[in-house]
Amino acid sequence: MLWKSCCGVFEGGGVRGIGHVGAACAMQEAGYQFADLAGSSAGAIVAALLAAGYACDELKREMESLDYMKFKGKGLASRLGLPGKALSLAFRLGIYNTVWLEEWVEEMLGRKVVFSFGDLQRKGRILKITASDLTSRRLLILPDDLKDFGLDPDTFSIARAVRMSVSIPVFFQPVRLWDKEGNAHLIVDGGLLSNYPLWILDRQADLGICPVFGFRFTDEGEGACGGGCGARPNLVDYLKSIAATCMDAIDNSHLSAGDYERTIRIPAIVEIRGEKRKIHAADFDLSRQESSQLFENGRRAAEEFLRSWDFAEWKRRYGEKKGEAVMQSGE
């Protein structure tokens, strides 16, 4: 098979990440090979594992057997119930820790002998992960912005960067980074400021290295309100709506028609025993059947996208664009 190189940017989606794996599998089966990758939150996990060299069938096996409840790290919250959650939130600024998640990602990467961003560079791969610095109130692009903290991007742990990117505020405890002056910075979920950083690899497309595809979840079948327009909202739904708006608004405002054309939209709706259910990012009780349906949603979404995508046409258009740039520079 003649491989076609592409770049992938994966949206944050919590436990729905198995849908990204399904889409990536369809891409690989169609002859596409991921070169450079990027992601936010759960998308950072998938991007990191693909960058390390995991084949999609390997990722499918790992994700299907994963106990997502372990992501809710043990601590006061798990031992003391509601009082423990309140204490964790008050003293640690988050209900659950992400120690187990970081250890799991590190173990997975270690099987491919990849631990740091420098290890990926030696493999000729680029990986970009987003995180949010609450202290400086800015978006971080890792590993690039690590130098601002006096850290060496090449030696920094990818698993630690992923842990930063998945730390949903309030739900998970933030990760602390110290700057050159010794000030602590609270680092949380990259999706807070850019949940779908499709722009992050555009330089690769501009240079003709590869087309950049985005992988994003949709609520197809429920409408804009997610099926709850007429219902009286409860506190949980209200907080989820606030989080979803914050995570999507910035990216939506920057998406152009061309960006939508290169986005693979993965339905987050599954149907179990005739009943449709939207899978939310923090549904850690995800069943094996729901996980399997999300995987198939991703696979079908990518297959449908590829039926209208022409790689040769992209190469031709890039060649014309490059020729025009050369002519303009000659003028």
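The values are calculated or read from the model by the stated rules, or taken from the named source; none is laboratory data. None of these values were measured; they are calculated from a predicted model. All Cβ positions, even for glycine, are placed from backbone atoms using ideal geometry, and neighbour counts span all protein chains on display. Only protein heavy atoms, including side chains, enter the accessible area calculation; ligands, DNA and RNA are left aside. Shrake-Rupley method; radii C 1.70, N 1.55, O 1.52, S 1.80 Å.
Selection within the range 7-39: residues that are of a type outside the set (A, V, I, L, M, F, W, C), open to solvent by less than 10 Å² (accessible area, probe 1.4 Å) and assigned to a helix (DSSP H, G or I). The member of this set that is modelled with the lowest pLDDT is G17. Scanning the range 261-293 for residues that are open to solvent by less than 20 Å² (accessible area, probe 1.4 Å), of a type in the set (A, V, I, L, M, F, W, C) and out of contact with any Phe, Trp or Tyr (no Cβ under 7 Å at 6 or more places or on another chain) turns up V270, I279.
Scanning the range 64-104 for residues that are in contact with a helix residue (DSSP H, G or I) (Cβ under 7 Å, 6 or more places away or on another chain), within 30 Å of C6 (Cα to Cα) and at pLDDT below 85 yields E64, Y68. Taking the range 150-223 and the helices (runs of 4 or more DSSP H) fully enclosed by it, the elements with 2 or more residues that are within 18 Å of W100 (Cα to Cα) are at 158-166.
For (1) within 29 Å of G53 (Cβ to Cβ); (2) of a type in the set (K, R); (3) in contact with an Asp or Glu (Cβ under 7 Å, 6 or more places away or on another chain), each residue gets a yes or a no:
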{"site": "R111", "(1), (2), (3)": "yes, yes, no"}
{"site": "D119", "(1), (2), (3)": "yes, no, no"}
{"site": "I126", "(1), (2), (3)": "yes, no, yes"}
{"site": "L140", "(1), (2), (3)": "yes, no, yes"}
{"site": "P143", "(1), (2), (3)": "yes, no, no"}
{"site": "D152", "(1), (2), (3)": "yes, no, no"}
{"site": "S167", "(1), (2), (3)": "yes, no, yes"}
{"site": "V175", "(1), (2), (3)": "yes, no, no"}
{"site": "E181", "(1), (2), (3)": "no, no, no"}
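Every condition in (1) under 25 Å from the mean Cα position of the chain (by Cα); (2) among the hydrophobic types (A, V, I, L, M, F, W, C); (3) modelled with pLDDT of 80 or more holds for A312 except the one numbered (1).
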